[in-house]
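**Q** The structure is given below, and queries will be raised subsequently.
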Amino acid sequence: MEDKLVTLAILTYTKAQILKNVLENEGIEAHIHNVNQIQPVISSGVRVRIKESDLPRALKITESSAWLSEGIVGEKTPEVKSTTKKILIPVDFSNYSMKACEFGFNLAKEDDSEVLLLHVYFTPLYTSSLPYGDVFNYQINDEESTKTIIKKVHADLNTLSNSINEKIKSKELPNVKYSCILREGIPEEEILRYAKEQRPKVIIMGTRGKNQKDIDLIGSVTAEVIDRSRTTVLAIPENTPFKQFGEVRKIAFLTNFDQRDLIAFEVFFEAWKAFHFSVSLIHLTELKDKWNEIKLAGIKEYFSRQYPGLEIHHDVVMSDNLLKGLDKYINDNQIDVITLTSYKRNIFARLFNPGIARKMIFHSDTPLLVIKD
């Protein structure tokens, strides 16, 4: 009987090509599917497929490989020359990027921070310089095409800057110091690298919210940054009804009774205590268990003692569909922001069992604040 193909991973186009090359170097036949034939590099949700009989070996090989390592062993963290507080906003000139700018500029005014607007562009010339460049099928016959891309990127960034300056002039945005930065490369990799260099207080990223199809979001830049960033990330859906953190009144803090949640809450509170809001401690579960309520009440009691000025509530949200259950709770209780901790998980845990943070990006119109432990 013919050995059927199974999906090993769902990635961006670039990472799918790299994984395919790694597997084939180990003698495992690999195929990629769901690629945009006109512009392959913009494809997301690209499937890497292998023979079912190769799956155990492929998992073992890939898990032990450094093909998607979080960092280089022995790599030193760059020194930050400036001590100015920073807010990093990756932009792609979309409407939801402007939403992130509105939120980021208002936060910078409250926090006396500098705003860094980062745009990462991609050209075929960059691809040829990658270590795995020989697996890409780009034919670079016309240098003018690359120049055209760069020229357009500069024009778009100037348009964004002019738009921001107009909003500052009309007082739609506060007058804070900001810089525009261009980087060439793979967006999520360059965002993570730049954040490591600059050490911003928070990365603010715009999202389209739940109206976009899942297939377009798997492997999205925002989800990758949330999974791998060492910095707190705030994801702002395009149709968020408010423009600044000062308008936030109710925050839901998701907990799974992990000790790291206590540390994350301390980080969260110290960073945002200048604002006035109440917190609902939420535990999501599919099964009824009286100990969940007891443990959550205990955490609530602990936090009430630790943060006496903070209004705290607690609720166990039980549903056989956790996302729908949480969504209903958010709507019923008029929650403004969802907060949680994104623990470090290996690459296969991220691909086959996505965390709640990643799922919420795909399915929610509520801003998501992901605290790093």
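**Q** So, in nm, how far is label T285 from label E26 when the simple model puts each one 7 Å beyond its Cα toward the Cβ?
**A** Placing both labels 7 Å along Cα→Cβ, they lie 3.9 nm apart.
**Q** Given the Cα-Cα distance of E266 and S179 and 0.36 nm per residue of separation, how much length would full extension add, in nm?
**A** Gain in length upon complete extension: 28.3 nm.
**Q** Moving on to the next point. Say the cut-off is 22 Å between C-alpha atoms; which of K243/K273; K86/K243; K86/K273; K109/K201; K250/K288 go over it?
**A** Going by Cα-Cα distance, K250/K288 fall outside the 22 Å limit.
**Q** List the lysines whose Cα sits under 26 Å from the Cα of K51, skipping any in the same chain fewer than 8 residues away.
**A** List returned: K4, K15, K20, K60.
**Q** Another question, if that's okay. What is the spin-label model distance, in nm, from K273 to N239 if the labels are put 7 Å beyond Cα along the C-beta direction?
**A** Between K273 and N239, the simple spin-label model gives 3.7 nm.
**Q** Figure the gain on full extension for T7 and D258 (residue separation times 0.36 nm, minus the Cα-Cα span) and round it to one decimal in nm.
**A** Extra length from T7 to D258 when fully extended: 87.2 nm.
**Q** How large is ³J(HN,Hα) for each residue in segment 259-268, as worked out from phi by the Karplus curve 6.51 cos²θ - 1.76 cosθ + 1.60 (θ = phi - 60°), to whole Hz, x for Gly and Pro?
**A** In residue order, the calculated couplings are 4, 5, 5, 5, 5, 4, 5, 4, 4, 4 Hz.
**Q** A further question on this structure: By how many nm would the segment from T84 to H313 lengthen if fully extended, with 0.36 nm per residue of separation less the alpha-carbon distance?
**A** 78.9 nm
Throughout, read-outs are computed from the coordinates displayed, never taken from laboratory work. Computed from a predicted model, the values in this text were never measured in an experiment. Backbone-built Cβ (ideal geometry, glycine too); neighbour counts: all protein chains shown.
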